[in-house]
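Read-outs throughout are calculated quantities, based only on the coordinates presented, and are distinct from any laboratory measurement. This one's a predicted model, so the numbers in the text were calculated from it and none came from an experiment. Every residue, glycine as well, gets a Cβ built from its backbone with ideal geometry; the counts of neighbours run over all protein chains shown.
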Ligand code: HEM
């Protein structure tokens, strides 16, 4: 019934809107422009129904019909979706000054996160300052080299946990174990603490983070019908307020304890990101305050843990489904590192097949399949079509990864395709841009590209794996579920056997 009232309400608004635009249009110059093709929108809701539960897949199908640049009306938001490397390059690199700002999902206005968090702030002095802080104080090669022992330690803890499961003959929930390791590596680098302690089970915090990803990623009526923002009809913003508050409280506690320690002990320094950032705050030379630090941690926490662990879970899934590829990856590890031995970050460059496995995983399962939404700063012609000012612009990385005109046998897991190829994921090869590109490229890329080979390599160099009882290769569930990242619909559980 509520739903019916809402639809009636929307139809009334639509009528009003059209009456007003008719009056306004009478005096307006008609702009000659060719908009991208796309499915015919329905009144009011436009093409919303076309998105379905897995928008990246629905949009890939639409690209088959209409081509590499399509336009949809999602409620009142004109959306352009690009699915070709050439056009992606135009948006992410060639004209990135026009397309660098984001469309802000209504829910991320919770706790003013849209004004304080790097993924959402517009290109501005604050944006440049935050990017500088990420690149200089957190993810520079120098900083990452200095704290690589922390990540090594966390991977060893992951191995110890898996060994315990192996001894007990128990299956490991790969995504959850990887999430704990990724997040602990990040939080140790950032504030010398384990986030995932036994008293703070991975499942619970993973749930908070996953809920945040779901809220930000799932279609929200308030985003498509701005008039509904005040009502927040699906309650997304209200729920996000609660989830974010939980994390902000945790960060506040950590920061207050550290500030107290610094007051008590004078020059004490843990040499972690928190100390560096508190130095910057005290220095007052750059625009950084405690509130920004908390929101920065929130982004690192949310953007860093889930993306990395979901990618690892997909990589393990593909290796278990393709035993000959698993054997080949293990053979390389046994030869270069030694069977059952520890892997260090310095070894990664000597493991081309392991790197190829990860690239192939990014191609088939980009965990942020539509990147983060951009918006067009002006009417701009791309590929012969006008992208209107203010339109939402999505890059369908998933569609490009499965495009048979770009990749042979696109649905097959063939890491070999990357051996001897220059194609990399660092934002220069637009057929494979799982981290985005241009000035908004993912700043966590250097960390993810250290963590992933380290974790995946360790899991398969030290253990053999078999699927849980009752699961057979051919029947493995390969479905996605969509938040802002794509996770496996069914968690991968596999039984480790020490090598
Ligand atoms: C497998 C791992 C990861 C993937 C696939 C991934 C992917 C992405 C993508 C696609 C974007 C949007 C880029 C664009 O609009 O062009 C992004 C942005 C971002 N990522 Fe990542 N990411 C990963 C790991 C991380 C990690 C480890 C961190 C931090 C610890 C991180 C922090 C961020 C932040 C802060 C942004 C916003 C940047 C901006 O808007 O300027 N990500 N990421």
Problem - Gap separating the Cα centres of region 376-428 and region 208-260, nearest whole Å - result: 30
Exercise for the section: Could you check the simple spin-label distance between residue 335 and residue 423, using points 7 Å along Cα→Cβ, in nm with one decimal? Expected result: 2.3
Fill in the blank from the handout: Once both label points are put 7 Å beyond Cα along the C-beta direction, the residue 211-residue 256 separation in nm becomes 2.2
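Going by how many other Cβ atoms sit within 10 Å of their own, how do 53, 408, 272 line up, fewest first?
408, 53, 272
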Exercise for the section: For each of 165, 442, count neighbouring Cβ atoms within 10 Å of the residue's Cβ, then give the residues from fewest to most. Expected result: 165, 442
Completion exercise
PRE zone check, label point 7 Å out along Cα-to-Cβ of residue 126, amide N under 12 Å, scope region 274-307, hits 287-289, 291-293, 295-296
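If you stretched the chain out fully between residue 283 and residue 141, how much longer would it get, using 0.36 nm times the residue separation minus the C-alpha to C-alpha distance?
Once the chain is fully extended between residue 283 and residue 141, it gains 48.8 nm.
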Exercise for the section: Can you tell me the relative contact order of region 78-498? Whole percent, Cα pairs under 8 Å, sequence separation 6 or more. Expected result: 28
Practice task
For a quick protection proxy, order the peptides 110-120, 249-259 by their average other-Cβ count within 10 Å, most packed first.
Solution key: 110-120, 249-259
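Over region 285-401, what relative contact order in percent results from Cα pairs under 8 Å that are six or more residues apart?
Values: 85 pairs, mean separation 23.5, N = 117.
Worked out over region 285-401, it gives 20 percent.
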Practice task
Determine, at each q value in 0.07, 0.13 (inverse angstroms), the log₁₀ of I(q)/I(0) that the Debye formula gives when each Cα of the chain is one equal point scatterer.
Solution key: -0.40, -1.33
Practice task
Give the angle, between 0 and 90 degrees and rounded to the nearest 10, that separates the Cα long axis of helix 273-283 from the longest principal axis of the Cα atoms of the chain.
Solution key: 60
Fill in the blank from the handout: Length-normalised contact order of region 27-159, Cα under 8 Å, at least 6 apart, in percent, tallies to 14
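Arrange the following residues from fewest to most other Cβ atoms within 10 Å of their Cβ: 143, 61.
Listing 143, 61 from fewest to most nearby Cβ atoms yields 61, 143.
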Practice task
Determine the calculated [θ] at 222 nm for the chain from helices alone, applying -39500 (n - 2.57) to every DSSP H run no shorter than 4 residues and normalising by the residue count; nearest 500 deg cm²/dmol.
Solution key: -16000 deg cm²/dmol
Practice task
Calculate the length of the line joining the C-alpha centroid of region 132-161 to that of region 28-89, in whole Å.
Solution key: 40
